[in-house]
Structures are given as structure tokens and as C-alpha cells.
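Following: one structure in C-alpha cells, then a few remarks.
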Amino acid sequence: MSKDVETVLDTSKELRSKDEFCFSCVPDKDCFTQCCYDLTLMLMPYDIYRLKKALGMSSKEFLERYTSVHVGPGTGIPVVTVKMEGPYLKCPFLEEGKGCTVYNDRPGACRAYPLARIAQRSHETGEIDEYYYVVRESDCRGFKDCKSWTVEEWVQHEGLSEYNEFNDLFSELIHAKNKSGVGQLNADQIEMFYMGCYDIDSFREFFLEGPNLDRYMEDEATIQKLQEDELELLKYGIRWVKKKLFEGGSCIACGLS
Ligand code: SF4
Ligand code: SF4
């Protein structure tokens, strides 16, 4: 979001999957790509996975080149944001006059706008209860001459399901932290969090190739699955951080799906 742009979260209406909203973001709008400047673009674990794959880089290279990290003042966890570039603070993935160069793998936040998802897992059923609010940015013309969408049509159109699945896993990690009473993380804990959640290639080296005891707690089938499937490794990494830092355990395989 640009610093001059006012962002309003419309909490007057909770939108469920069949509810409708009106929006249209097309290249002939005069605001086209203006939202790709001077914004705080936070990256979640699955965003980093998609972007580093799309750019043919390791997660370490991607993080070093394109992102900054700071410790969230509220959450106490490391937060990764995209480093904007140049005098106008352009997103590095925007090619002026053309558009987003990583469009097929753009971050979940870019896909979801103008919706913001609120999700909670039920303690009784284990099911996710989700709803959405509309977010309005003052300079966005997407609400004029707009097209009607149901929430589920938007989620499908923007390819959000897998992003939501990983975000839910990450939320469980934050929930575990809050429940544990752990406050600010120390430097070693921050490093562990960063590696398990964001730097998947370093986590692979550490967990599958390095001399650590955790690997020997898992059976062969689990290790093979993690070696063959990077998304399973990413899920494992997030659960590993949760167990190691906030639940005081080391068996993660029970949570593998
Ligand atoms: S319509 Fe809104 S989201 Fe689309 S380019 Fe314009 S400002 Fe960005
Ligand atoms: S990733 Fe793409 S859509 Fe998102 S802000 Fe950057 S250029 Fe815009």
C-alpha cells in the first residue's frame, strides 16, 4: 500500500463463499499497476516457495536478493517483506509498461485483493471456518465499472486455495506460539523459525543432509516423502518450527498430510 493511499477494511459485512462483491482489475484502468509501488508486501512461506521456483533460484538466493526481514513487534516472529526498489519504491517484479513479471506465481496478497480472509479452525470439528472482508484502497478504480463475483469464484479465479492451505498451517504455528506464552524469540530461535518457514532449501540441507538428530526420529517412508516432495518438506518445516519452539517436541510425522 502506498503511504498516500487510504486503506479501509469494510467489516460491515462478512462475505461467505456464495456472497457477492463487485471488482474489476484490467489493464485499461488508469490505476493499472499503481498498486505495485510503495507497498508493504509481506511474504508467507508458500509465496516464497512459488516465487523462488518461478525465478529458478534457491530460497536463500531469493530471500537475499529480493527481501528484507524484521521481527514483528506484535508477534515477535521474523517477518519477510519484498524490498521495493528505486526512487518510486517499485515492486522488483513489476516491469513498467508491461505488468507483473511473476503473475502466475505472484504472492497471495496480490491475488486476494480486494478480499481479506479471516479463518479459524474449530476446536470441536477441526474444520476451518472462513469468511472475507472487502478491502478498499482509495486510489483503486477496481470498484468502478466492476464485475460481480462470488467469493468462491474469486478464490478459484485467483488460484488461492493452496495459498490459503499454507496460510492456515502458518496460523496454527502462530496460535501455538501465543498459547505457549513464548514472547520475543532469541537469535537462535529466530534463525530456526526463518529456516523452517521461509528458507526451505537451507532447511533441506539442514534436516535431510546435515548431522541432526531429528531426522532419526522419523521413519524411512517419511524421509523419502520429504526428499521427493518439496511442498511436503515445506509443511514439515512449518510443523517442525511449531514443535521445536512452541510445543517442546520433536515428532512431526504424525502431522504429515
Ligand atoms: S484496479 Fe486496483 S488492484 Fe487493479 S491495478 Fe488498479 S489499483 Fe491495482
Ligand atoms: S508481485 Fe506482481 S502483482 Fe504483486 S506487487 Fe509485485 S508486481 Fe504487483
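The single condition among (1) among the small types (Gly, Ala, Ser); (2) over 18 Å from the mean Cα position of the chain (by Cα); (3) buried (at least 20 other Cβ atoms within 10 Å of the Cβ) that SER180 does not satisfy is (3).
Among the residues in segment 3-10, are any out of contact with any Lys or Arg (no Cβ under 6 Å at 6 or more places or on another chain) and either within 17 Å of GLY99 (Cα to Cα) or aromatic (Phe, Trp, Tyr) (or both)? The answer is no; no qualifying residue exists. Listed here are the helices (runs of 4 or more DSSP H) enclosed by segment 12-122 that have at least 2 residues being surrounded by fewer than 17 Cβ atoms within 10 Å (Cβ to Cβ) and touching a residue at least 24 places away in the same chain (Cβ under 8 Å): 45-54.
I'd like the full set of residues that are within 16 Å of ligand 2 (Cβ to nearest atom) and more than 21 Å from the chain's Cα centre (by Cα), limited to segment 127-162. Walk me through how you get there before you give the answer.
Keep residues of segment 127-162 that are within 16 Å of ligand 2 (Cβ to nearest atom), which gives 135, 137, 139-142, 154, 157-160.
ASP139, CYS140, ARG141, GLY142, listed by residue number.
Pairs meeting the criteria (first residue in segment 165-185 and farther than 16 Å from GLY72 by Cβ, second residue modelled with pLDDT under 95 and of a type in the set (Lys, Arg), beta carbons under 9 Å, at least 6 apart or on different chains) are ASP168/ARG121; GLU172/ARG121. Residue check: is PHE62 within 10 Å of ligand 2 (Cβ to nearest atom) and either over 28 Å from GLY181 (Cα atoms) or at pLDDT 95 or above (or both)? It is false that PHE62 is within 10 Å of ligand 2 (Cβ to nearest atom) and either over 28 Å from GLY181 (Cα atoms) or at pLDDT 95 or above (or both).
The values are calculated or read from the model by the stated rules, or taken from the named source; none is laboratory data. Predicted model only: the values in this text are computed from it and were never measured. Every residue, glycine as well, gets a Cβ built from its backbone with ideal geometry; the counts of neighbours run over all protein chains shown.
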